[in-house]
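Here, each number is a calculation from the coordinates, and none is a lab measurement. A quick note: this is a predicted structure, and the numbers were derived from the prediction, not measured. All Cβ positions, even for glycine, are placed from backbone atoms using ideal geometry, and neighbour counts span all protein chains on display.
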Amino acid sequence: MRRFYKGPDLSRVLSVAEMAALARHRLPDFAWEYLAGGAENEQTLHANETDFSRLRLTAHTLVANHHPSLETSLIGSTSALPMMIGPSGFNGMLWPQADIALAKAARAKRIPFCLSTVSNASMEQVRDAVDDLDLWFQLYSLKSPSLNGDLLARARAIDINTLVITSDALVVGNREWDRRNFARPRQLTWRNKLDLLRHPNWIRRVMLPNGLPTMGNLNPYLPANEQSALGAMKFIQEQLDTLLDWDKVARLRDQWQGKLILKGVLHPDDAIQAMKLGFDGLVVSNHGGRQLDGALSSIEALPAIVDAVGGQIDLMLDSGIRRGSDIVKATALDVQGVMLGRATLFGVASGGQAGASRVLDILEEELIRCLNLMGVQSIDELSSDHLYRS
Ligand SMILES: Cc1cc2nc3c(=O)[nH]c(=O)nc-3n(C[C@H](O)[C@H](O)[C@H](O)COP(=O)(O)O)c2cc1C
C-alpha cells in the first residue's frame, strides 16, 4: 500500500487493510504486535488470508441489481448481516472502553457482539451501557467449577442466551513478540518504553485516565490487594483450566440451558463429537493464527467439517476475514456467517466506536457490491457452485 489516510475523518478510510495501517500508526509497537501478531512463524496467520485468495468467485452476468437480502440467523440469533463481532481480550489497551465501543458498533448494525472472559468491561457494564444488544459471552473455562458456575449465573442474570466456549487456547500460543516486548510480566522493555513517547495521544487516551484497565469479569474473584491488570493476568494464568476436555465440556453443557457454541474447531471428528454432546453451533477457527502455528487455515478446514456435520449443526467461521468477498466465500461454503476479530479491532484502535462502525460499513458495502457483481440476490442463494478453487 503506497499511502494511507492518517487524518481524523474515518469515512476516508477505504478498506480494512487501510484501517490496519492507521491502527499501526496510532498504537505503540507493543500494543500493535499484541493486536496483529500470530504465533511463531505466523504461517497460519498468513494462510488465513492467502487461502481466501485461492478461492475464485463465479459470477452470472446480466442479473438485474437489487439490494441483496443479507439478514441471516447466526446459531439462533437474528442478525442483519452475516457477520458479528467475536470475542477478544484486553481491548482496553487499544482504546478506552473499547469493549463498549465495539458493542455499540455491533448494536448499530443489528448484529450480535460476543464479550470475552478477559474483557476489560464486565458483562454487566456492557449490558447496562448498550440497550437492546444481542450480547453473547465467551467462556475461558476456569479450574474452579464454582467460579465457572458463577460466571454462567451472572451471564444468565443479565439475559445472555448464547455461551461460546473457546477450546483452542488451553495453552497460550508461542507469541514471541509478546515475550520480546516485556522484560518481566507487564514490564515493558526500555525500547518499548521509549517507543511509548512517540505515541503521546495513545498515552493520553489509554494510560493517563486510570492506567491499564483490569479485567471486569474477573474483578469479583481477585483479592483486594490484586485488583489491577497485573493481578488479573496472574489470576487467569493460574485459573485457566488447561485440563479442559470433552467430559468437562459435557458438564458445562448440562449447566447451561441457552445456546452453546464451541469455538476453535478445525477437525471434522471434533465437530462430530461436539454435535453428539448437544452443542448448538461451532465456530471453525484457529484463533486468528495466534495459537497453533502451522494449523490449517479456517477456510481450508471448513469443507471437511461441512461434510462431517451434514447440516445437522450450525456453523460459523473466523480467522482472516478482511473483505466482503471473504464473507461471501465462507457463506458459499455453508457457514451461516462469520465472526470478526482483528478487522473491527483495527477500527476500534483507530477511532473507538466510529472506527469499528467504519469497518462494519466497509465490509457491508463490499459484501453488497460483491453479490451485485456476482448476480446474486440474497446470501441464502450462495453455494459452492459460486466458487472455483484455483
Ligand atoms: C487481540 C486479540 C485478542 C483475542 N482474544 C480472544 C479471547 O479473549 N477469546 C477468544 O475466544 N478469542 C480471542 N481472540 C481470537 C478471536 O476471537 C478470533 O478467533 C480471531 O481474532 C479471528 O481471526 P482474525 O483476527 O484474523 O479475524 C483474540 C484475537 C485477537 C486478535
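Odds and ends about this structure:
- Antiparallel DSSP beta bridges within the range 163-283, as percent of all bridges there, nearest 5: 20
- With a cut-off of 13 Å between beta carbons, the residues surrounding SER53 carry a summed charge of +2, where Lys and Arg count +1 and Asp and Glu -1.
- The spacing between the range 32-110 and the range 164-241, judged by their C-alpha centroids, is 24 Å.
- Stretch gain in nm, segment ASP131-TYR388, where the contour uses 0.36 nm per residue and the Cα spacing is subtracted: 88.3 nm
- Kyte-Doolittle at least 0.0, axis length at least 30 Å by Cα - qualifying DSSP helices, the chain: 342-374
- Of the peptides 92-102, 32-42, 266-276, the ranking by mean beta-carbon count within 10 Å, highest at the top, reads 92-102, 32-42, 266-276.
- DSSP finds beta bridges in the range 73-225, and of those with both partners inside it, around 35 percent are antiparallel.
- Rounded to 0.05, the FRET efficiency of the GLN227 and HIS66 pair, given R0 = 56 Å and the Cβ-Cβ distance, is 0.55.
- Here the range 25-90 is treated with +1 on each Lys and Arg Cβ and -1 on each Asp and Glu Cβ, and its dipole about the Cα centre works out to around 320 debye.
- Bridge orientation summary for the chain: considering DSSP beta bridges with both residues in this region, about 25 percent are antiparallel.
- Cross-link reach is defined here as a Cα-Cα straight distance under 25 Å, omitting same-chain residues fewer than 8 places apart; for LYS263 the lysines meeting it are LYS104, LYS109, LYS143, LYS234, LYS248, LYS276, LYS329.
- Estimated D of the range 17-92 in µm² per second, where Rh is the Kirkwood radius over Cα pairs and Stokes-Einstein applies at 10 °C, 1.306 mPa s: 96
- Each label was represented as a point 7 Å from its Cα along the Cα-to-Cβ direction; for LYS248 and LYS143 these points are 1.0 nm apart.
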